[in-house]
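Asker: Sharing a structure, written as C-alpha cells. Questions coming.
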Amino acid sequence: MIEANLAELSYMHGRPQVSGSYKQQPSDFQVTELLDVTAEDEGEHQWLWVYKKGANTTFVARQLAEFAGVSERNVSYAGLKDRHAETWQWFSVQLPGKALLDWQQLEHPEFRVERAFLRSKKLKMGLHQGNAFRLRLRQVSDVEALQERWQQLVQHGVPNYFGEQRFGRDGQNLVKAEAWLTGEISNKKAKKWSRQQQGMLLSSIRSYLFNVLLSQRIEHQRLTPEIGDFMLLSGTRSFFQVDQLDGTLIERWRSGDIHLSGPLPGGYKEPWQEHLSPFEHEQLQGYQNLVDGLRQKRVDLARRRLLLKLEQAAFECVDTDTVEVMFSLPTGSFATSVLRELMQDVTEDEAV
C-alpha cells in the first residue's frame, strides 16, 4: 500500500534544523488570489471578490448560490483556498438576465463580498496566475538561522511537491484511489462517485507519483537539465524533450524561460514511454499497475515544473521568536511545501 508520507520525501537543502509553528490562528496564514480582472458593462456572470476567514471555498460557494437563488452549479471559482486561513479570492455566479445583486446585503460571520461587477464569461478553474502568501511563524527556535535558511530558499528555490491537502484527510484519497486502480474497488462501485470525486482520486495518484519522482531526483542530485529530460515552457503546458545540451538551452533554463519538469502520469501519444525520460521510466517501473490504471481511465499525461522560485519574497522579524514571510507561487503550488523546506513544524493545534 502506498502512503502520502511527506516526511520521507527528500529535502533540497537538507532537513531543516530550526523549528517553529504556524496556523495558530487564521490570520497567521493569509492568501490572496492573483488574477487581473476588469468590470464589463454587461454580462450574465456576476463576479465577486470575497474575503473569508474560517470557511472553505465550497462552503462559501453554497452560501452565494443560496443568496442568489440558484443551484451551486451556477457558482464558479478559480481555486480552492484553505479553511484555516484568511483568504481573498474571486467567485462568479451565473444569473442570466438579472441586474447586479446587492451583495452587500449578504451578511455572514465567516465571509463578506468586497467587490461585485458583471462580466460576459464565467470564472474558470485554474484561471488565476497564482497566489500571494503572508505567513506568520511563531515560536521560532532560532530567528537568525531561519533567516539564513530563507535566503537559501529564495536564491536556489524549493521542491514543487504537492502538499498533504492533495491526498485527503490522513491520505484517504490516495488509499481509495489505489484500491480503485488496482481493481480492489470495482468500476461498478466507482460509477456511483461523482465526476468531481473520481477526478480528485485520480489526481491524488498522479500527485503521489510526481512527488516520488521529484524526491528521487533530489536524492540523486539531478536538478539540472540532462539529455532526455522534458522542459516545460514557462507559463504554459507545452513541453519538449532535450536532445542536445547547449549554451542556449542552459541560458533559457537559468533565466526561467523553461523549467525542468516531472510527469503527472497518464496516457499520451503512443508509445507513451517516449514521453518519459529514461530516469522517469526507470523510477516508475515499480508503479506500473498505477500507471496502467491511469491510462485505462483515459487520464492524459501532463507535466509540472520540479522546482519553485519564490517571487516577491520578503522576511520580517516581528519579535524575538516571531517572523512573517511573504512570497508568491504559481497556480497549483503549495505554501506548505515551502514551509516544509524552511523549518520543522511544531504546531500543536490547528486554528479553529
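The values are calculated or read from the model by the stated rules, or taken from the named source; none is laboratory data. Here the structure is a predicted model, which is why all the values come from computation and not from measurement. So basically every Cβ, Gly included, is an ideal-geometry build from the backbone, and we count neighbours across all protein chains shown. Surface accessibility is based on the protein's heavy atoms, side chains included, excluding ligands, DNA and RNA. Shrake-Rupley method; radii C 1.70, N 1.55, O 1.52, S 1.80 Å.
Asker: Kindly indicate whether Asn131 is in a strand (DSSP E or B) and under 30 Å from Ala78 (Cβ atoms). Outline the logic, then answer.
Answerer: Numbers: in a strand (DSSP E or B): yes; under 30 Å from Ala78 (Cβ atoms): yes.
So Asn131 passes the test.
Asker: Would you call Gly267 in contact with a Leu (Cβ under 9 Å, 6 or more places away or on another chain) and touching a residue at least 40 places away in the same chain (Cβ under 8 Å)? Show your work before the answer.
Answerer: Working: in contact with a Leu (Cβ under 9 Å, 6 or more places away or on another chain): yes; touching a residue at least 40 places away in the same chain (Cβ under 8 Å): no.
When the stated conditions are applied, Gly267 does not pass them.
Asker: Residues in segment 122-155 that are over 25 Å from Asp82 (Cα atoms) and at pLDDT below 95: how many?
Answerer: The number of residues fulfilling the criteria is 0.
Asker: Now a separate question. So if I check each of Ala55, Ala7, which one is buried (at least 19 other Cβ atoms within 10 Å of the Cβ), of a type in the set (Gly, Ala, Ser) and under 19 Å from the mean Cα position of the chain (by Cα)?
Answerer: Ala55
Asker: Considering only segment 288-333, state which residues are of a type in the set (Phe, Trp, Tyr) and surrounded by fewer than 20 Cβ atoms within 10 Å (Cβ to Cβ). Spell out how you get there, then give the answer.
Answerer: So in segment 288-333, the residues of a type in the set (Phe, Trp, Tyr) come out as 315, 327.
Within segment 288-333, Phe315 is the sole residue that qualifies.
Asker: Given the residues Gln198, Gln172, which is the only one that is over 30 Å from Phe240 (Cβ atoms) and open to solvent by less than 70 Å² (accessible area, probe 1.4 Å)?
Answerer: On the way: Gln172 fails: open to solvent by less than 70 Å² (accessible area, probe 1.4 Å).
Going through Gln198, Gln172 in turn, the sole match is Gln198.
Asker: Counting only residues that are open to solvent by less than 50 Å² (accessible area, probe 1.4 Å) and not in a strand (DSSP E or B), how many does segment 134-161 have?
Answerer: 11
Asker: Which residue pairs have Cβ atoms under 8 Å apart, sit 6 or more places apart or on different chains, and have a first residue in segment 30-43 that is on the phi > 0 side of the Ramachandran plot and a second that is surrounded by 16 or more Cβ atoms within 10 Å (Cβ to Cβ)?
Answerer: Gly43/Leu118; Gly43/Arg119
Asker: Within the set of pairs 6+ apart or on separate chains, which have a first residue in segment 1-17 that is on the phi < 0 side of the Ramachandran plot, a second that is assigned to a loop (DSSP other than H, G, I, E, B) and not acidic (Asp, Glu), and C-beta atoms under 8 Å apart?
Answerer: Leu6/Tyr161; Leu6/Gly163; Leu9/Tyr161; Met12/Gly157; Met12/Leu223; Pro16/Met343
Asker: Let me ask something else about it. Return yes or no: is Ser21 closer than 26 Å to Ala335 by Cα and either surrounded by 15 or more Cβ atoms within 10 Å (Cβ to Cβ) or modelled with pLDDT of 95 or more (or both)? First the steps, then the outcome.
Answerer: Details: closer than 26 Å to Ala335 by Cα: yes; either surrounded by 15 or more Cβ atoms within 10 Å (Cβ to Cβ) or modelled with pLDDT of 95 or more (or both): yes.
In short, yes.
Asker: Here is a follow-up. Of the residues Phe67, Phe91, only one is within 24 Å of Gly332 (Cβ to Cβ), of a type outside the set (Lys, Arg) and not in a loop (DSSP other than H, G, I, E, B); which?
Answerer: Details: Phe67 fails: within 24 Å of Gly332 (Cβ to Cβ).
On inspection, the qualifying residue turns out to be Phe91.
Asker: Considering each residue of segment 180-233, count those that are without any contact (Cβ under 8 Å) to a residue 24 or more places away in the chain and aliphatic (A, V, I, L, M), and give that number.
Answerer: Matching residues across segment 180-233 total 3.
Asker: I'm trying to understand the selection: among the residues of segment 298-352, which are among the aliphatic types (A, V, I, L, M), touching a strand residue (DSSP E or B) at 6+ places or on another chain (Cβ under 9 Å) and assigned to a loop (DSSP other than H, G, I, E, B)? Spell out how you get there, then give the answer.
Answerer: Our first condition is that a residue be among the aliphatic types (A, V, I, L, M); within segment 298-352, this holds for 299, 301-302, 306-308, 310, 313-314, 318, 323, 325-326, 329, 335, 338-339, 342-343, 346, 351-352.
Imposing the further condition that a residue be touching a strand residue (DSSP E or B) at 6+ places or on another chain (Cβ under 9 Å) reduces the set to 299, 301-302, 306-308, 310, 313-314, 318, 323, 325-326, 329, 335, 338-339, 342-343, 346, 351.
Once the filter is applied, which keeps residues that are among the aliphatic types (A, V, I, L, M), touching a strand residue (DSSP E or B) at 6+ places or on another chain (Cβ under 9 Å) and assigned to a loop (DSSP other than H, G, I, E, B), segment 298-352 yields Val299, Leu301, Leu306, Leu310, Met343, Val346, Ala351.
Asker: Could you check segment 29-50 and list, in sequence order, the residues that are acidic (Asp, Glu) and modelled with pLDDT under 95?
Answerer: Initial filter on segment 29-50 (acidic (Asp, Glu)): 33, 36, 40-42, 44.
Within segment 29-50, Asp36, Glu40, Asp41, Glu42 qualify.
Asker: For Asp36, all conditions in the list (1) touching a strand residue (DSSP E or B) at 6+ places or on another chain (Cβ under 8 Å); (2) acidic (Asp, Glu); (3) within 19 Å of Trp88 (Cβ to Cβ) hold save one; what is the number of the exception?
Answerer: (1)
Asker: Take the conditions over 30 Å from Ser255 (Cα atoms), open to solvent by 60 Å² or more (accessible area, probe 1.4 Å) and among the small types (Gly, Ala, Ser) and apply them to Ser120. Does it pass? Reasoning before the result, please.
Answerer: Working: over 30 Å from Ser255 (Cα atoms): yes; open to solvent by 60 Å² or more (accessible area, probe 1.4 Å): yes; among the small types (Gly, Ala, Ser): yes.
In short, yes.
Asker: May I pose another question? Here is a list of conditions, (1) open to solvent by 60 Å² or more (accessible area, probe 1.4 Å); (2) under 18 Å from the mean Cα position of the chain (by Cα); (3) closer than 22 Å to Arg217 by Cα, and Arg340 meets all of them except one; can you say which number that is?
Answerer: Failed condition: (1).
Asker: Checking the condition under 30 Å from Ile185 (Cα atoms) and of a type outside the set (Val, Ile, Thr), which residue from Leu260, Leu232, Leu213 passes? It would help to see each step written out before you state the result.
Answerer: Working: Leu260 fails: under 30 Å from Ile185 (Cα atoms); Leu232 fails: under 30 Å from Ile185 (Cα atoms).
Result of the check over Leu260, Leu232, Leu213: Leu213.
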